[in-house]
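The values are calculated or read from the model by the stated rules, or taken from the named source; none is laboratory data. These numbers were taken from a predicted model, which means no experiment stands behind them. Cβ placement follows ideal geometry from the backbone for every residue including glycine, while neighbour counts extend to all protein chains displayed. All accessible areas refer to the heavy atoms of the entire protein, side chains included, with ligands and DNA or RNA removed. Shrake-Rupley method; radii C 1.70, N 1.55, O 1.52, S 1.80 Å.
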Amino acid sequence: MLTHVFSAATHGVDAYIVDVEANLDSQVPSFTIVGLPEGAVKESRDRVIAAVKNTGLYFPLRRITINLAPADIRKEGSAFDLPMAVGILAASEQAVSENLPHTVLVGELSLDGSLRSVPGVLSMAVTAKREGKRMMIVPSDNVQEAALVEGLEVYAAKNLDEALDILANPAGHVPHALNLADVFARHVDDTVDMFDVKGQQHVKRALEVAAAGGHNVIMIGPPGSGKTMLARCMPTILPDMTLDEALSVTKIHSVAGQMEPGQALIATRPFRSPHHTISDAGLIGGGTYPKPGEVSLAHHGVLFLDELPEFKRTVLEVLRQPLEDGRVTISRAATSLDYPAEFLLVASCNPCPCGFFGDASGKCTCTPQMIERYMSKLSGPLLDRIDIHVNVPAVPYKELAADPTGERSAAIRERVNRARDIQAQRFREREGLFCNARMVSRDLRTYCRIDDQSHELLRMAIQKMGLSARAHDRILKVARTIADLDGSAQVTARHVAEAVQYRSLDRQLWLR
């Protein structure tokens with residue numbers, strides 16, 4: 001007898017429906033899985049047999065063939081355990097099959113028949129709704145994220161027996177309901193706040209500009225000057241997260257297996273801080289079976305690279321595509337995957353190997369050659385993609401001993417939200433453009449017109465500092481953001497002058 005049970009699998013951050021065909025023949029008992037299964041899928045055979053028997057059901061001693069269609073895409077993971085077991089039981093007439101055509105089942109089986117969570121359930125639920133399925137049965141730990149999809153009846157099952165009962169009598173079970181308003185209520189991380197950072201007012205201003213325009217930023221300063229704390233405060237001043245952004249971030253974290261058990265939605269902006277020993281694949285994604293990397297896990301949030309020159313040069317160079325395009329493309333012989341990577345890069349570094357070049361203490365013992373060699377680890381093309389360079393000097397003892405006097409993150413975030421609203425209104429006719437940092441050359445000609453005084457100021461700065469054409473564009477983008485924070489429709493010389501100050505790391509100026 002042949003039965004069809006529908007499941008789902010992820011491909012990149014999206015999912016597709018998998019038709020799990022179970023066929024029973026009256027021949028020598030065997031259990032075969034076809035359809036390009038990888039290791040974990042092949043091992044499903046033993047889990048399914050044990051789970052069925054330990055649930056108190058009869059496992060048919062027949063020739064069993066499981067086909068995972070479409071058969072030309074490699075299947076991975078343990079999410080097919082539940083649909084395989086249900087398919088075999090339906091084919092042996094131990095389970096009701098009337099609701100199977102309208103239902104998607106996913107879940108990993110334990111040997112005792114209980115269900116464990118699997119990654120990527122949100123993407124699977126979105127696909128199930130799009131493909132016209134009415135029901136979805138998932139492990140209890142996954143039900144919150146699956147229930148985010150409206151119009152799909154999502155049921156939580158603790159074990160195989162409960163999943164069979166839901167299939168046989170859906171009316172006797174209540175689909176899981178989720179109040180999106182409650183889930184999406186903003187949860188601000190109150191463990192860090194800009195108010196707690198003493199001094200560094202000009203750095204806070206630079207980070208506010210970066211948040212308002214979506215500009216990448218690098219902080220240069222001696223050890224202990226507060227660079228890491230400032231970076232950790234960055235998500236608290238970014239614009240309020242929209243529901244679409246939260247769903248997009250949640251899909252990526254779900255596919256990567258980064259969701260906490262029972263977690264429904266990631267409602268706060270991610271903050272990722274990988275160690276400098278990270279590999280290329282760890283940063284941008286990849287592996288034998290490609291998974292999202294740190295740049296994708298930081299989607300709509302902050303990627304913090306501490307001690308930037310300590311990262312391998314090859315690792316830093318692979319950042320150029322996501323910084324430019326907001327996406328990562330991972331190509332393999334059999335497939336090509338795209339992962340979103342719209343993140344704000346916050347980097348930090350010392351000004352020299354010892355860290356004290358330019359410090360008032362005069363502790364620096366580095367020669368000019370040592371400094372040049374150290375900073376040469378950062379390529380010009382990479383620095384050109386970082387809009388804001390800001391120096392972070394050591395905080396004087398007087399400020400360290402005093403009580404904090406700065407603004408709280410909430411107040412800064414209000415100004416950032418107003419600036420982003422101005423940009424949203426400005427770019428309403430430009431699809432895919434949502435902040436100043438993403439403007440291209442034609443947008444600069446339209447939205448960043450400057451007067452003669454500003455032109456002369458910019459010309460002198462470029463000649464003196466030897467800036468590249470890309471740096472020229474970055475200055476105009478940052479100046480546009482500063483004007484938005486001021487509520488000014490016109491970019492003035494004052495805005496351009498402040499933007500020029502944020503290019504302190506450009507090569508020719510740095511080495512003088």
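General observations
- Straightening the chain between residue 490 and residue 417 buys 24.4 nm, computed as 0.36 nm per residue apart minus the Cα-Cα spacing.
- Long-range HN-HN contacts of residue 326 with modeled amide H, under 5 Å: none
- Summing charges over all other residues whose Cβ lies under 15 Å from the Cβ of residue 405, with Lys and Arg as +1 and Asp and Glu as -1, gives 0.
- Across region 87-213, the relative contact order, built from alpha-carbon pairs under 8 Å that are at least six residues apart, equals 21 percent.
- Among the chymotrypsin sites (Phe, Trp or Tyr not before Pro) in region 1-100, those located in a DSSP loop and surrounded by at most 15 other Cβ atoms within 10 Å of their own Cβ are 58.
- For the chain, size of Cβ-based charge dipole, Lys and Arg +1, Asp and Glu -1, in debye: 1760
- Over the chain: helical MRE at 222 nm, DSSP H runs n ≥ 4 each giving -39500 (n - 2.57), nearest 500: -10500 deg cm²/dmol
- Normalising the average separation of contacting C-alpha pairs (under 8 angstrom, six or more residues apart) by the number of residues puts the relative contact order of the chain at 13 percent.
- Spin-label pair residue 130/residue 310, simplified geometry with 7 Å Cα→Cβ offset, distance in nm: 4.1
- The slack in the chain from residue 1 to residue 158, taken as 0.36 nm per residue of separation less the alpha-carbon distance, amounts to 53.7 nm.
- Three semi-axes describe the equivalent ellipsoid of region 246-320; taken as square roots of 5 times the Cα gyration tensor eigenvalues and ordered largest first, they are 23, 14, 9 Å.
- Length gained when the stretch residue 376-residue 336 is fully extended (0.36 nm per residue, less Cα-Cα span): 11.1 nm
- For region 92-239, the per residue solvent-accessible surface stands at 39 Å², with DNA, RNA and ligands left out and a 1.4 Å probe.
- Sequence-distant residues sharing a close amide H with residue 430 (under 5 Å, placed H): none
- Hull-based mean projected area of region 176-291, where the convex hull spans the alpha carbons, in square nanometres: 9.7
- Normalised alpha carbon radius of gyration of region 36-117 [divisor 2.2 N^0.38 Å]: 1.05
- Long-range Cα-Cα pairs in region 332-408 (distance over 16 Å), rounded percent: 70
- Region 359-512: proportion of alpha-carbon pairs further apart than 27 angstrom, %: 38
- 3J(HN,Hα) along region 351-362, derived from phi through the Karplus expression 6.51 cos²θ - 1.76 cosθ + 1.60 where θ = phi - 60°, amounts to x, 6, x, 7, x, 10, 5, x, 7, 5, 5, x Hz, with x in place of Gly and Pro.
- Rg/Rh for region 316-365 stands at 1.31; both radii use Cα atoms, and Rh follows the Kirkwood definition.
- In order along region 408-415, phi translates into HN-Hα couplings of 7, 4, 4, 5, 5, 5, 4, 5 Hz, rounded to whole numbers, per the Karplus curve 6.51 cos²θ - 1.76 cosθ + 1.60 with θ = phi - 60° and x for Gly and Pro.
- For residue 157, the residues whose modelled amide H falls within less than 5 Å of its own, excluding neighbours fewer than 5 places apart on the same chain, are 138, 140.
- Whole-percent carbon and sulfur share, accessible surface of region 1-145, 1.4 Å: 49
- Using θ = phi - 60° in the Karplus curve 6.51 cos²θ - 1.76 cosθ + 1.60, the 3J(HN,Hα) couplings for region 373-390 round to 5, 5, 6, 5, 5, 9, 6, x, x, 5, 5, 5, 8, 9, 6, 10, 10, 9 Hz; x is entered for Gly and Pro.
- Cα centroid separation - region 122-175 against region 214-252, whole Å: 35
- No disulfide-compatible partner, judged by a Cβ distance under 4.7 Å, exists for the following cysteines of the chain: 233, 349, 354, 364, 435, 448.
- Here the label points at residue 472 and residue 58, each 7 Å from Cα along the C-beta direction, are separated by 8.3 nm in the simple model.
- Sequence-separation-based contact order of region 285-379, relative, with Cα cut under 8 Å and 6+ spacing, percent: 29
- Model label zone, residue 243; criterion: amide N under 18 Å from point 7 Å along Cα-to-beta-carbon; scope region 137-159: 144-154
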